[in-house]
1. Sort through A:N14, A:N3, A:N23 and tell me the only one that's surrounded by fewer than 17 Cβ atoms within 10 Å (Cβ to Cβ) and either in contact (Cβ under 8 Å) with a residue 40 or more places away in the chain or in a helix (DSSP H, G or I) (or both).
2. Quick one: which residue in B:E32, B:E94 is among the charged types (D, E, K, R), away from chain A (no Cβ under 12 Å) and outside any strand (DSSP E or B)?
3. If a residue must be β-branched (V, I, T) and touching a helix residue (DSSP H, G or I) at 6+ places or on another chain (Cβ under 8 Å), how many such residues does region B:86-106 contain?
4. Go over the candidates A:D138, A:D142 one by one and state the one that is farther than 30 Å from A:S104 by Cα, at pLDDT 95 or above and loosely packed, with under 14 Cβ neighbours inside 10 Å.
5. Does A:A143 satisfy the criteria of being in a loop (DSSP other than H, G, I, E, B), within 26 Å of A:A230 (Cβ to Cβ), more than 11 Å from chain B (Cβ to nearest Cβ) and under 22 Å from the mean Cα position of the chain (by Cα)?
6. From the list A:L241, A:L205, pick out the single residue that is under 23 Å from B:A122 (Cβ atoms), surrounded by 13 or more Cβ atoms within 10 Å (Cβ to Cβ), within 19 Å of the chain's Cα centre (by Cα) and not acidic (D, E).
7. Return a yes/no flag: does region A:69-87 have any residue that is buried (at least 18 other Cβ atoms within 10 Å of the Cβ), at pLDDT 95 or above and under 27 Å from A:Y129 (Cβ atoms).
8. Would you please name the residue that is surrounded by the fewest Cβ atoms within 10 Å (Cβ to Cβ), looking only at residues in region B:174-191 that are closer than 19 Å to B:K145 by Cα and touching a Phe, Trp or Tyr at 6+ places or on another chain (Cβ under 7 Å)?
Number of protein chains: 2
Amino acid sequence: MKNIKLTIEYEGTNYAGWQRQDNVITIQEKLEGALEILTNEKIKLIGSGRTDGGVHALAQVANFITNATIPGERYKYALKFLLPDDITIMDSEEVDIGFNSRFSATKKTYKYIVYNGELPKALYRNFSYYVPYDIDIDKMIDASKYLIGTHDFASFMAAKSSVKSTIRTIYSISIEKEKENELIIFKIEGNSFLRNMVRIIVGTLLEIGFGKLNVEDLCKIISEKNRELAGHTAPPQGLFLEKVFY
Amino acid sequence: MKNIKLTIEYEGTNYAGWQRQDNVITIQEKLEGALEILTNEKIKLIGSGRTDGGVHALAQVANFITNATIPGERYKYALKFLLPDDITIMDSEEVDIGFNSRFSATKKTYKYIVYNGELPKALYRNFSYYVPYDIDIDKMIDASKYLIGTHDFASFMAAKSSVKSTIRTIYSISIEKEKENELIIFKIEGNSFLRNMVRIIVGTLLEIGFGKLNVEDLCKIISEKNRELAGHTAPPQGLFLEKVFY
């Protein structure tokens, strides 16, 4: 019995997200289908976490247990002939049988790209959130400091999600301008994230950047634990799962 | 009567290229359709040149003559509601009635991206040429110098193209590695280009980088004026029309 760990890049545009669901096409389903052809077994792939439809991954991690004797490092070569070209394997290896992509993860980093130009751009459309308004980046950077640390992030979770605990730790948030200030890149590092948490944080920080909310509002949003107080959920196409740490 | 100049960004993936043709979807047709709605006239759009199916533009230029009284700078705002999201207008302005996007152009720059990683990458698939082989970049840089200047580029033109002259001038070629050497970026600047010329130049330089051809072969390819001697045509998705100068 082998435990195989895959590191996966994908463009989420054409998928209803990571997790297998009825009647829609998902990344998990495509990967499991390809692995079933290779191993001749029913495969249950464990991802480090779900990503929503339209969200991308630069290095999603997933693992599966198999009786197939294929060496771990062979999967990355074999899978390229069996996967659609918007799902690619960056690495594959055999790992300790106790490794679990989800529960063994200690830290994750996400990137969120806002395109802050005046007019929409064809090449950014699936990879950024087009926001043609003035954004005060210094206000966002100041406010972001209040999110660092261990907090109850219930206000930053998609409504109707059910989880045991809404307490999470954010280690860092960086916000930088790139490409002649046309892009604003958010990088968020935390131990684990609630459903839509990064997108709601970005939406809320943007509303601070617009001057619609201020730092006091942000403190109240955190303490009240009420999704309705936080800002909008930034759309999925700007979000990239960047790295999962173990 | 006004002459309106448009600067256009597009992703070529879903189009059969710039130029209007029967039975396929083209960028020219999408733009003319949108302009006809705005102006209530039949519009003939003049592009700076054609791009093939799958080729992208960061700043294609096109112009059209119209009796509509719409101010030039309004087109860029109005067109965003009428175009598909993979064709976007970066700028629009009224120009001198004698301006012609094709014949007034004095210089063009193209960018070609080779992805030189071992395994394919989902996010690069529509925006680069995946070449998982060793490439000697110094050999390519040396060889590229022989292409600079005014030459008969008949060997670097798609077979069966018909043009009056195959003499063109290349002002510069740069070849650089980026993103931890995973990308090789070619930038080519010239007065005008033959059909597939940039893609055949890149294909030929890559064969020099592989060690399949050498500098003497390149000189022979140029002097013999025979398409069959040059290297392969690099695929369209790595090519970007970067800028048109007037």
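1. Of the residues listed, the single one that is surrounded by fewer than 17 Cβ atoms within 10 Å (Cβ to Cβ) and either in contact (Cβ under 8 Å) with a residue 40 or more places away in the chain or in a helix (DSSP H, G or I) (or both) is A:N14.
2. Selected residue: B:E32, the only one of B:E32, B:E94 that is among the charged types (D, E, K, R), away from chain A (no Cβ under 12 Å) and outside any strand (DSSP E or B).
3. Qualifying residue count for the region: 4.
4. Sole residue among the options that is farther than 30 Å from A:S104 by Cα, at pLDDT 95 or above and loosely packed, with under 14 Cβ neighbours inside 10 Å: A:D138.
5. No.
6. Details: A:L205 fails: under 23 Å from B:A122 (Cβ atoms).
It is A:L241.
7. yes
8. By that ranking, first place goes to B:E189.
The values are calculated or read from the model by the stated rules, or taken from the named source; none is laboratory data. Keep in mind it's a predicted model, so treat the numbers as computed, not measured. Quick reminder, even Gly has a Cβ in these numbers, built from the backbone with ideal geometry, and neighbours come from all protein chains shown.
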